[in-house]
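Take a look at the structure set out below.
Derivation of every value follows stated rules applied to the coordinates shown; laboratory data play no part. Given the structure is predicted, the values throughout are model-derived calculations rather than measurements. Note that we place each Cβ from the backbone using ideal geometry, even for glycine, and neighbour counts take in every protein chain shown.
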Amino acid sequence: MLAAGAHISKEKDLNAHIEAFVAQIKRRQIQGSYNVALATSQLLLRVLSAARWTHIDQLVTQIKVLGKRLQSAQPRELACGNIIRRVLALIREESEDTNDSESGDGAINSPLITSMFSLLSTNDEYGPNPHSQSLYDGTGRSIKKDLKPYIIEGIQELIDELRSIDESIASMGVEMIHENETILTPTPNSRTVLKFLLRTAQKRKFTVLVVEVFPNDVEKTHEFALKLAEAGIETTVITDAMVYSIMGRVGKVILGTHAVLANGGLLASAGAAMICQCANVHRTPVVVCTGLYKLSPMYPFDIESLIEVGDTGKVLEFEDGSLVDKVNVVNPLYDYVPPESVDLCITNMGGYSPNFMYRLVIDHYRQEDTTL
Amino acid sequence: MGPKKGGQAGGNKTKVGKQTAQQNAAPEETDQEERLQAIVLSDSYQTRFQPLTLETPRCLLPLCNTPLLEYTFEFLALAGVSEVIVVCCAHADQIQEYIANSRWSNFSSPFTIETVLSPESVSVGDAMRDLDAKGLITSDFLLVSGDIVCNVPFDKVLTDHRQRRAKDKNAIMTMVLREASPFHRTRARAESAIFVLDEQTNQCVHYEEIKTRKHMKQISLDPEIFNKHTDLAIRNDFIDCHIDICSPDVPALFTENFDYNHIRKDFVHGILTSDLLGKTIFAHIVTDNYAARVRSLQTYDAVSKDVISRWTYPITPDSNLLADQTFQYQRGHIYKEDGIVLARSCRINSCTVVGAGTAVDDGTVITGSVIGRRCKIGKNVSIRSAYIWDDVTIEDDAIIESAIIANGAVIGASSHVAPGAIVSYNVKIDSNIIVDGNKRLTKYLGEENKNVDTDAVGEDGDGYVYEDASEAEEDDDYEEIVNSSGLVYNMASLNASDTSFSTVSADQPHRKSRRRRISTASNNTVASEDSDEDSFLREAQASVERAVAENHDLDIAALELSTLRMAKNAQFHEVRAATIAALIGRISHLINSNTLKARAAVESVLNRWGPLFRRQVFDQADQIDFLLLIQRDCTRRMQGSSILLHAINCLYDQDILDEEAILKWWYQDPQRKEDADMVKVGELVPRWLQWLTTAEEESDSE
């Protein structure tokens, strides 16, 4: 009786957490890919440690239902869906691993497409476990106890990966930026780019041009420039209109992004598409710094449905009554940058061509989870 | 009745819990610092949204398919409020039921929510006094009405306020003001004000309501202001949506000053012009985010447009505030829910919201409008800037422009609803009818029995034209007079041309701003042995008699009465009884001393003092009670029957009594002929009634 009561209160508690997460993400109290990814994975950790299941499919359905709910709270924060799919893939993998090790025909059940990553990594980590029950044991009952710690451990690793992602990307900076090179960056709200530049500045001397992406990130641009300048990097803030004229002198364009789509296209701050086009014309390389949690298995069939439209008040002063009444203002927060405009994506797993992104998608997500 | 009772019980229970919490929290100052209470006044104490608000409270009217109250709660959640107290007055049961079923009373809600009934309050002042009496307020609190839309991040406002409070205990209030040009669409035309602010500290040193009708050309400032403050800004470019952070002193001050009703006109103005109190009020000026209040039909229109065009981001339709909403954003500020059936040839133009389950047929064009759920819209219909709520049926070839069509209404084929019209709940309009822009149609009957107005809604229609009864019924004259006819809304929709401006503010008679008075000395005369009721009757009667004898100002007499009422916690019934006793006594005295004939005596007294009853008699039940009291009183007088007759006639002329109440009193109320005296005193009335009915028939046949 007592245990049942405790269970109910626990479930209630969990539900409250989920509700609060949904409300916060709707209110944009959790905003930005990194924060959303971190919050989602922490929520999932909580859900999984409380979850009870008799069959692994049950767990998968549970998580899928939850995922759908979280995703629909703010469909344009793709990172939320990405993390859920990552966790789903993790669960499936764990269950299959256990299954394989028992039935011994892992070769058949393992994914037909093995990418080059799996060539390098070994599966020994969660390999055969003599104490684990098989997925279908003699009584027909399925396992539940053994998988849970592995899944939780997997999510913990995911969180650790999220936390260290900027570091691992930043460590590649030295290979990317030459001495005395001029770098242009139009995404000053990106933590990844900031760390990338700061870390590289310890070894290299270079100049950064920060584009003031009006209207949404103007203040952040100035903070960003200040931080760079404090670290001893020669920093200039330029307006959006100057990009074309200055592009001839730029060595590389370094972008942060909100999301990377399966075709290698990006959703980056509004204005980025134009700057990338401009870089293409000047044959200036465009480099994107992104953590893998931003990689989404979605294809940009309907670009509009992926682009968030923000606060109109940033574009036009609300005080101006006569204008407010007469004009229709739209303030998209993101731009879709087609994969052709991007030369290289630097992820925490190394640098890849945007054309190769679909392989990373296959490695990290399961096809059956693409639609939650 | 059921939910109401339940709610009350619940409210009491939580109150008990709160009191203990209060005791616990009292020693820890720091704990109080972090908790923020919010008082939501769910009633607006206005009638501008009638006839819509006859059936639904204003805060539950849908704005872009979401009840207004949701926007307020969303703002409070953003502001980090931890405890919300909703003060309910009109339609309290509906509000309580809504809150009980909403996600805000869920365990995952960011704040605890509690509803408090204050059924007798007729103004913000009354509600505040009620709150003070209940002792619910423990620390600085946020005072908002239930109809605001706001996305201002509140931590800065709050820290500023707390710093000021820490420095000076007298800084009792911070008003949040949004900058906006004087003719901004989101500003309520009828209510604008001049704020005189200290440029450095943002202290508000003077507040003056703009009386547009009187073409106010000057305001007077106390010269001392210039001695105290070096830089003054006199500004008229704010949207004042009545979001205030108040200290617990504020409700106490309301209690001290019985005549404060309006939070700005009376309270702020009063505090600032008073030398005695030494309290200060500050303004927090917001330049970046959005803050507005739906206070009239015109602002309903404007705020809807603002929400649709995402000035209120992230509070937009596609953030789906209600759990069952599924809005998605499309280019050009079009929001569609799942499960909409759109014919191939219909056109949904920009700035439109369409709710789930709605079907739009061929050739229909919808521009800049909000369509609710489960609406059926026929072929070749044209809808422009209209607000159509749930379950509305619009038949083929109808035209709807800038109107509000409430739930369940039916608009017949080829009908035309002109800009500014309001079609209230379940009204049915026949085919080929033109609904004029100033018409408000309703089906809500209340206590009245009106026939279907076939001129307005057609042969097969259902509903009648709503007449703005606010002038006759509304007690709170100075609050209410702002004309709530379709005009304002009309102007708003025509607002595209700036030239129409000068006429916008017409029709807004304002009461002279009343000077604040400290409560009168009459409290001192309380004879404590008496039961409160008796002593109240005696004192109130004496007070009115004194006022009549010494020919006081009407305002003063009213104020004295309300002071007494508050002090003794008396009902309006007793106030009426006392006033009637005093006035009829006076009339009878005039007659008996042969100064005047009955008719002249009644007229001289009631024409002068009749308006007192305006603040005592509110609805039909009150009127009937009032009539019975007069009748009862007249039985004691000589020539009672003719006093009664003339009094009724006189009060009817003054619109204090309406004919339905009189007829009901005469024909239906059993108490009227309780005993022989009562019957006898009423012997002259039938003749007058006959006159009344014939007069009405004549006016009808015109």
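Compute the long axis of helix A:218-230 from its Cα atoms, compare it with the longest principal axis of the Cα atoms of chain A, and write down the angle in degrees, 0 to 90, nearest 10.
Taking the Cα atoms of chain A, the angle to A:218-230 is about 90 degrees.
Just counting partner chain Cβ atoms within 10 Å, what average do the residues of peptide B:312-320 show around their Cβ?
5
Would you order B:HIS91, A:HIS178 from fewest to most other beta-carbon atoms within 10 Å of each residue's own beta-carbon?
The fewest-first ordering by Cβ neighbours comes to A:HIS178, B:HIS91.
Send over the per residue convex hull volume for segment B:609-702, Cα only, as a whole number of Å³.
Taking the convex hull of the Cα positions in segment B:609-702, it is 95 Å³ per residue.
How would you rank B:544-556, B:293-305, B:571-583, B:165-177, highest first, on the average number of other Cβ atoms within 10 Å across their residues?
Descending mean neighbour count gives B:293-305, B:571-583, B:165-177, B:544-556.
Among A:LYS326/B:LYS217; B:LYS167/B:LYS228; A:LYS68/A:LYS294; A:LYS227/A:LYS294, which pairs are too far apart, with a Cα-Cα distance over 21 Å?
Table pairs above 21 Å Cα-Cα are A:LYS326/B:LYS217; A:LYS227/A:LYS294.
Taking the square root of 5 times each eigenvalue of the Cα gyration tensor, what semi-axes in Å does the equivalent ellipsoid of chain A have, largest first?
With the √(5λ) rule applied to chain A, the semi-axes are 41, 26, 18 Å.
Quick one: Karplus J couplings for segment B:84-89, per residue in order, coefficients 6.51, -1.76, 1.60, θ = phi - 60°, nearest Hz, x for Gly and Pro?
Values, residue by residue: 10, 10, 9, 8, 9, 10 Hz.
How big is the convex hull of the Cα atoms of segment B:114-212, per residue, in Å³?
Value for segment B:114-212: 164 Å³ per residue.
With 10 angstrom as the radius, rank A:LEU184, A:LEU43 by how many other C-beta atoms surround their C-beta, starting from the fewest.
Starting with the residue having the fewest Cβ neighbours, the order is A:LEU43, A:LEU184.
Could you grab the relative contact order for segment A:16-97? Cα pairs under 8 Å, six or more apart, rounded to a whole percent.
37 percent
Let me spell out the model: positive unit charges on the Cβ of Lys and Arg, negative unit charges on the Cβ of Asp and Glu, origin at the Cα centre of segment B:96-203. What dipole size does that give, in debye rounded to 20?
Dipole magnitude for segment B:96-203 comes out near 300 debye.
Go through A:LYS314/B:LYS305; B:LYS169/B:LYS265; A:LYS195/A:LYS314; B:LYS336/B:LYS439 and tell me which ones have a Cα-Cα distance over 20 Å in this structure.
B:LYS169/B:LYS265; A:LYS195/A:LYS314; B:LYS336/B:LYS439
Please report the orientation-averaged projected area of segment B:552-642, defined via the convex hull of its C-alpha atoms, in nm².
6.0 nm²
Output the relative contact order of chain A, whole-number percent, from Cα pairs under 8 angstrom with separation of 6+ residues.
Contact order relative to length: 16 percent.
Regarding segment A:239-366, what is the average projected area of its C-alpha convex hull, in nm²?
So the mean shadow area of the Cα hull is 9.4 nm².
What spacing in nm lies between the two simple spin-label points modelled at A:THR54 and A:ASP160, each 7 Å away from Cα in the Cβ direction?
3.5 nm
Could you tell me the relative contact order of segment A:171-369? Use alpha-carbon pairs under 8 Å, at least six residues apart, and round to a whole percent.
21 percent
Using only the Cα atoms, what convex hull volume per residue in Å³ does segment B:214-283 have?
Given the Cα convex hull of segment B:214-283, per-residue volume reads 136 Å³.
Give me a single rounded figure for A:19-28: the average over its residues of other chain Cβ atoms within 10 Å of their Cβ.
Average neighbour count from other chains, rounded to a whole number: 5.
Placing +1 at every Lys and Arg Cβ and -1 at every Asp and Glu Cβ, with all other atoms neutral, what dipole size does segment B:33-186 have around its Cα centre, in debye to the nearest 20?
Here segment B:33-186 has a charge dipole of around 500 debye.
Taking square-rooted eigenvalues a ≥ b ≥ c of the alpha carbon gyration tensor, is segment B:329-392 rounded, prolate or oblate, where a/c under 1.5 means rounded and, failing that, a/b exceeding b/c means prolate?
rounded
Can you tell me the orientation of helix A:56-73 relative to chain A, as the angle in degrees between its alpha-carbon axis and the longest Cα principal axis, to the nearest 10?
30 degrees
Using the Cα atoms of segment B:261-301 to build a convex hull, what is its mean projected area in square nanometres?
Approximately 4.3 nm², given one-decimal rounding.
Lys and Arg at +1, Asp and Glu at -1: add these up for the other residues within a Cβ distance under 12 Å of B:VAL602 and post the number.
In short, +3.
Pairing the Cα long axis of helix A:2-26 with the longest principal axis of chain A, what angle in degrees results, from 0 to 90 and rounded to the nearest 10?
20 degrees
Divide by every residue of chain A the summed helix terms, -39500 (n - 2.57) for each DSSP H run of at least 4, and state the resulting mean residue ellipticity at 222 nm, rounded to the nearest 500 deg cm²/dmol.
Result for chain A: -15000 deg cm²/dmol, rounded to the nearest 500.
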